[in-house]
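See below for the structure under consideration.
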2 protein chains.
Amino acid sequence: MAEFELNILGCGSAKATLQHLPSCQVLNVRGRLMMIDCGEGAQLEMRRMRLKCSRLNNIFISHLHGDHCFGLLGLLSTMALNGKGGTVTIHIFKGGAELFGKMLDFFCRERPYELKFNIIDTRKAVIYEDNAITVSTFPVTHRVPCVGFLFKEKPKQRHINPEACRRYDVPIHAMNSLRQGCDYVTPGGIVVPNSELTLDAEPSISYAYCADTKYSTRVIKAVEGVDWLYHEATYGDEKEKIAIQRRHSTARQAAMVAREAGVKRLLLGHFSSRYDGSQLLEQQAQEVFPNAIAVKEGMTFDLNKL
Amino acid sequence: MAEFELNILGCGSAKATLQHLPSCQVLNVRGRLMMIDCGEGAQLEMRRMRLKCSRLNNIFISHLHGDHCFGLLGLLSTMALNGKGGTVTIHIFKGGAELFGKMLDFFCRERPYELKFNIIDTRKAVIYEDNAITVSTFPVTHRVPCVGFLFKEKPKQRHINPEACRRYDVPIHAMNSLRQGCDYVTPGGIVVPNSELTLDAEPSISYAYCADTKYSTRVIKAVEGVDWLYHEATYGDEKEKIAIQRRHSTARQAAMVAREAGVKRLLLGHFSSRYDGSQLLEQQAQEVFPNAIAVKEGMTFDLNKL
């Protein structure tokens, strides 16, 4: 089964606590790592979770608040010291590219890897694509320009049905096109439909990351039907007014987004430092959407297992 | 006894490890906190060691390598969120003031405290003074401009000898000038020498911080006779060549500095990530200077207790 794994490195909000680290997640897409937000301490948490920086080539920064990007400097410096090669692309708003570009040119001048900035804005757009996945942005509603990220696996290869292939004497060199969904033509010219020779591929999974945002119908539209939704849940019910004021969400609102959008699983994070534990927030969300989990640093989710 | 306490928040070197955090120390000078270098994670370590940011008003940055200053952004942002008032002064080289100034003006615009930069250079100079302490810079030898910091307690007040004061009927309002070292004149005009009415004050303690530097005779001169010396000890004997090349010191060289300068206590830190534990480095230093300790995150030293 293709690897599509989500690692939670930080799920706190702006104020540092000993309970949570600031926002950071790492997606493992078939061995390639992609970081989503990069709060202070991200590089240490990578180490703690045994995620190899050498495999990290894309970093997606949702918005320019410090708790989502202050870890970039340390992480990128350590990657340089470790001799990482290839390219590292930071997908970030323009102002961030300028500021971090200057800092890194001063503090991390000698880089064995090529550093690229891919400037994003709040429009809906595909910002990354490879053979396994597409990543797109969608606008969310926060105090500063901010986007959500949608990670969508591409259709996976079908599985060979070995028995059926033996029956039709399908040669090895034809297997690849079978996996892609092509029919097989025998030497005698008979067309064997692909469906007779292969089994269905695993479904392609989608994951949407929404932090930071207030409850918003446009977010609901953007994440409609995704398999996994991470939605910020900074506050509990009692702070709904503050949530609106600061353009954040309550756990219950996150669950409403999940329910309205018809997602399969909901992950909650970005917890305010005022909460000692996230059980209450989880409960409030589960009242609306039972399939909700409050995440924690160190957790790993196999996104293929719904 | 006056408080003069050193807290070790980080004593690793540039590469992040799970063993050590990057350079950071906090001096508690009679309840006022002063930070020396500010590696990534400093704010969390402050919290872990129960050091209150509200008492922190001076941050001294020895040089512009990331492992000595990347924690500034998170720390200063959290201090703003916590509503810290007063002034925070960062003593830093010019380039650092410019870069961090820009970052903070973007990421931490609303500051309830006044942020000041005090530009330092590699000359020997007093850069801070209050009623308890003076802080001065001295040049060290690293790959980039870098200074050591010398923290020197001012002379302390003498102690009242209550028995002697009763004998001479010294009134309460005269006590303060006695503590300053003045003689006492009785209503009848007799001069009682201060030494008869008071006991010696505790000695004024000095602490020198030297990171990063190669072994250098000018460092020896600068720290001559200090009570406590923190000297970097990045490498062990076997890496002496690399130490010279990278303008760092071995633990043995740090001990040589301590011995030549006639200091009382030596603290070792800034350990390379290649060492799993610092016992070996401590041993090598102790062969030259027995009163040497390899520090660790979370350690606290009462500098008055030599």
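The values are calculated or read from the model by the stated rules, or taken from the named source; none is laboratory data. Nothing here was measured: the structure is a model prediction, and the numbers come from that model. No Cβ is skipped: glycine too gets one built from the backbone with ideal geometry, and neighbour counts run over all protein chains shown. With ligands, DNA and RNA removed, areas are computed over all heavy atoms of the protein, side chains included. Shrake-Rupley method; radii C 1.70, N 1.55, O 1.52, S 1.80 Å.
Could you please let me know if A:Arg167 is loosely packed, with under 13 Cβ neighbours inside 10 Å, under 23 Å from A:Arg247 (Cβ atoms), free of Cβ contacts under 8 Å to residues at least 40 places away in the same chain and of a type outside the set (Phe, Trp, Tyr)?
Taking the combined requirement at face value, the residue does not satisfy it.
With respect to B:Tyr209, determine if the residue is open to solvent by less than 50 Å² (accessible area, probe 1.4 Å) and touching a residue at least 40 places away in the same chain (Cβ under 8 Å).
It is true that B:Tyr209 is open to solvent by less than 50 Å² (accessible area, probe 1.4 Å) and touching a residue at least 40 places away in the same chain (Cβ under 8 Å).
Tell me which residues, restricted to the stretch B:95-136, are over 16 Å from B:Asn58 (Cα atoms) and within 20 Å of the chain's Cα centre (by Cα).
Correct list: B:Asp121, B:Thr122, B:Arg123, B:Lys124, B:Ala125.
Within the stretch A:170-188, how many residues are more than 30 Å from A:Lys305 (Cα to Cα), open to solvent by less than 50 Å² (accessible area, probe 1.4 Å) and in a loop (DSSP other than H, G, I, E, B)?
Counting residues in the stretch A:170-188 that are more than 30 Å from A:Lys305 (Cα to Cα), open to solvent by less than 50 Å² (accessible area, probe 1.4 Å) and in a loop (DSSP other than H, G, I, E, B) gives 3.
In this structure, does A:Asp130 turn out to be among the acidic types (Asp, Glu) and either within 14 Å of chain B (Cβ to nearest Cβ) or within 30 Å of B:Asp105 (Cβ to Cβ) (or both)?
no
Any residue at all in the stretch B:213-226 that is touching a residue at least 40 places away in the same chain (Cβ under 8 Å), closer than 30 Å to B:Gln180 by Cβ and part of a loop (DSSP other than H, G, I, E, B)?
Yes, some residue in the stretch B:213-226 is touching a residue at least 40 places away in the same chain (Cβ under 8 Å), closer than 30 Å to B:Gln180 by Cβ and part of a loop (DSSP other than H, G, I, E, B).
Inspect the stretch B:2-19 for any residue being assigned to a helix (DSSP H, G or I), touching a residue at least 12 places away in the same chain (Cβ under 8 Å) and of a type in the set (Lys, Arg) and give the result as yes or no.
There is no residue in the stretch B:2-19 that is assigned to a helix (DSSP H, G or I), touching a residue at least 12 places away in the same chain (Cβ under 8 Å) and of a type in the set (Lys, Arg).
Could you grab me the full set of residues in the stretch A:60-82 that are touching a residue at least 12 places away in the same chain (Cβ under 8 Å), assigned to a helix (DSSP H, G or I) and either facing chain B (nearest Cβ under 7 Å) or open to solvent by less than 10 Å² (accessible area, probe 1.4 Å) (or both)?
A:Gly66, A:His68, A:Leu72, A:Leu73, A:Gly74, A:Leu75, A:Leu76, A:Ser77, A:Thr78, A:Met79
Can you name the number of the only condition in (1) open to solvent by 50 Å² or more (accessible area, probe 1.4 Å); (2) more than 24 Å from B:Leu150 (Cα to Cα) that B:Tyr275 fails?
Just one mismatch for B:Tyr275, condition (1).
Kindly indicate whether any position in the stretch B:22-34 is touching a Pro at 6+ places or on another chain (Cβ under 8 Å) and either surrounded by fewer than 24 Cβ atoms within 10 Å (Cβ to Cβ) or touching a residue at least 12 places away in the same chain (Cβ under 8 Å) (or both).
no
Could you figure out which of (1) open to solvent by 10 Å² or more (accessible area, probe 1.4 Å); (2) in a helix (DSSP H, G or I) isn't true of B:Gly85?
(2) is the only condition that B:Gly85 fails.
Taking the stretch B:39-59, which residues are open to solvent by 20 Å² or more (accessible area, probe 1.4 Å) and either away from chain A (no Cβ under 13 Å) or within 24 Å of B:Ser136 (Cα to Cα) (or both)?
The answer is B:Leu51, B:Lys52, B:Cys53, B:Ser54, B:Arg55, B:Asn57.
Picking from A:Thr250, A:Thr217, which residue would you name as being β-branched (Val, Ile, Thr) and open to solvent by less than 70 Å² (accessible area, probe 1.4 Å)?
Going through A:Thr250, A:Thr217 in turn, just one is β-branched (Val, Ile, Thr) and open to solvent by less than 70 Å² (accessible area, probe 1.4 Å): A:Thr250.
Restrict the check to the stretch A:17-36 and report whether at least one residue is facing chain B (nearest Cβ under 10 Å) and under 19 Å from the mean Cα position of the chain (by Cα).
Yes - at least one qualifying residue is present in the stretch A:17-36.
Quick one: count up the residues across the stretch A:105-143 that are open to solvent by 40 Å² or more (accessible area, probe 1.4 Å) and assigned to a loop (DSSP other than H, G, I, E, B).
Residues meeting the conditions: 10.
Spot the failing condition for A:Leu197; the list is (1) over 17 Å from the mean Cα position of the chain (by Cα); (2) open to solvent by 60 Å² or more (accessible area, probe 1.4 Å); (3) on the phi < 0 side of the Ramachandran plot, and only one is missed.
(2)
Go through (1) farther than 30 Å from B:Gln245 by Cα; (2) touching a residue at least 40 places away in the same chain (Cβ under 8 Å) and name the single condition B:Asn118 misses.
(2)
Which condition breaks for B:Lys102 when tested against (1) farther than 30 Å from B:Gly181 by Cα; (2) away from chain A (no Cβ under 14 Å); (3) surrounded by 14 or more Cβ atoms within 10 Å (Cβ to Cβ)?
The number of the failed condition is (2).
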